[in-house]
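Structure first, then comments.
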Amino acid sequence: KEEPFRLVATSTLGEVIRGVSDEQQKDYDVLRQEADKAVGKPVFDDWKIDVYVDTSTGATIAVPHGVDFKFDHDEEILVARSEDHHVRMMVQSFHGDTPEDAKRAEHDFNHFIDKQPAKKFPGTEWQATDVKDEQYKLYHGKQRYSRKTRVLYDPRNKSQLYARVDYSEVINGNHFLGTALMFSNIKHVSNSDIVLSYVMTACARLATFSN
C-alpha cells in the first residue's frame, strides 16, 4: 500500500517553532526548559525533525529525524518509537466524506488508545489524572481540538506507575487528526528517551491541518 505521508522538509525544531503563534511559543518554551533541564544543556532547539504532509487531508505532522517509525496499515496509524520502544508517538490522519465520518475516526482513535493497557495487563484500563481534559474550538469554530492525559498503574504493584499517555485530537470538517505520546515501563525509561519524549511532544503539538 502507498504511504499516506510525504516528506516535505527537514529542519531544526527551533526553526519550526519560530514560525508558530505567540500562544504556541509559550507552550514550547515550557517544553524547552524542561528538556534542557533534563539533559543539563540546551538540546531542544537543535534537534532535527522531518516534516510530512498528508495530501488527502492537508494534515502536517513532524517526526524526530532519525527515529524509527512505520505506518501501521491495519490501524492506519503512523508509529514512531525510541530504540527500546518505551516511548512511542502515534499519529492518525483521516479523510472522510462527512463530519460523521470524522467523528467515527475520533471514536476509533480513542478505542485504539483505550485498548493499549490490556496488551500488557489483560483486563486493565487507563485512569484519569488531575490533569484536566481540554477542549475548545479553533479558527472561528471550524476545528474542534481536545487534549487528554491518562495513566496506568502496574497491577502487580498498584503504587507503581507503569504507563502514561498524552493525546490530542482535531476534527476539521470531514477530517480527523489524532496524535498521542505514550510512555511504557516508566521506571526503565532512559534519560535519552526522556529528552526524546519532549521532542516528540513538540512534534505532536505541531501536527495540524492547513487553515
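The values are calculated or read from the model by the stated rules, or taken from the named source; none is laboratory data. Quick caveat, the model's predicted, so the values are computed rather than measured. Quick reminder, even Gly has a Cβ in these numbers, built from the backbone with ideal geometry, and neighbours come from all protein chains shown. To get the accessible areas, we keep the full protein, side chains included, count just its heavy atoms, and leave off ligands, DNA and RNA. Shrake-Rupley method; radii C 1.70, N 1.55, O 1.52, S 1.80 Å.
Of the residues making up the range 172-204, those that are of a type in the set (Val, Ile, Thr) and modelled with pLDDT of 90 or more are Thr179, Ile186. Of the residues making up the range 74-128, those that are assigned to a strand (DSSP E or B), under 23 Å from Asp50 (Cβ atoms) and not hydroxyl-bearing (Ser, Thr, Tyr) number 13. From the list Phe69, Phe94, the one residue that fits, being touching a residue at least 24 places away in the same chain (Cβ under 8 Å) and not small (Gly, Ala, Ser), is Phe94.
Just to check your reading of the model, which residue among Ala118, Ala80 is under 18 Å from Ala163 (Cα atoms), free of Cβ contacts under 8 Å to residues at least 60 places away in the same chain and of a type outside the set (Val, Ile, Thr)?
After applying the criteria, what remains is Ala118.
Met200 falls short on exactly one of the conditions (1) open to solvent by less than 10 Å² (accessible area, probe 1.4 Å); (2) touching an Asp or Glu at 6+ places or on another chain (Cβ under 9 Å); (3) closer than 21 Å to Phe71 by Cβ, and that condition is (2). Against the condition polar (S, T, N, Q) and open to solvent by 10 Å² or more (accessible area, probe 1.4 Å), how does Ser93 come out, does it pass? For Ser93, the condition - polar (S, T, N, Q) and open to solvent by 10 Å² or more (accessible area, probe 1.4 Å) - is met. The single condition from (1) in contact (Cβ under 8 Å) with a residue 60 or more places away in the chain; (2) touching a Pro at 6+ places or on another chain (Cβ under 9 Å); (3) small (Gly, Ala, Ser) that Ser56 fails is (1).
Residue count for the range 45-78 under the criterion of being under 29 Å from Gln143 (Cα atoms), touching a Lys or Arg at 6+ places or on another chain (Cβ under 8 Å), of a type outside the set (Ser, Thr, Tyr) and open to solvent by 10 Å² or more (accessible area, probe 1.4 Å): the result is 5. Say whether the condition of being open to solvent by 10 Å² or more (accessible area, probe 1.4 Å), part of a loop (DSSP other than H, G, I, E, B) and of a type in the set (Asp, Glu) is met by at least one residue in the range 160-168. No, the range 160-168 contains no residue that is open to solvent by 10 Å² or more (accessible area, probe 1.4 Å), part of a loop (DSSP other than H, G, I, E, B) and of a type in the set (Asp, Glu). Restricting the range 32-51 to residues that are β-branched (Val, Ile, Thr) and in contact with a strand residue (DSSP E or B) (Cβ under 6 Å, 6 or more places away or on another chain), the residue that is modelled with the highest pLDDT is Ile49.
Filtered by the rule that a residue be without any contact (Cβ under 8 Å) to a residue 40 or more places away in the chain, part of a loop (DSSP other than H, G, I, E, B) and open to solvent by 100 Å² or more (accessible area, probe 1.4 Å), the range 1-44 gives Glu2, Arg18, Lys41, Pro42.
Restricting the range 171-183 to residues that are surrounded by fewer than 22 Cβ atoms within 10 Å (Cβ to Cβ) and not small (Gly, Ala, Ser), which is nearest to Ile194 (Cα to Cα)?
Phe183
If you check Glu125 against the conditions, is it out of contact with any Phe, Trp or Tyr (no Cβ under 9 Å at 6 or more places or on another chain) and of a type in the set (Asp, Glu)? Spelling it out, Glu125 is indeed out of contact with any Phe, Trp or Tyr (no Cβ under 9 Å at 6 or more places or on another chain) and of a type in the set (Asp, Glu).
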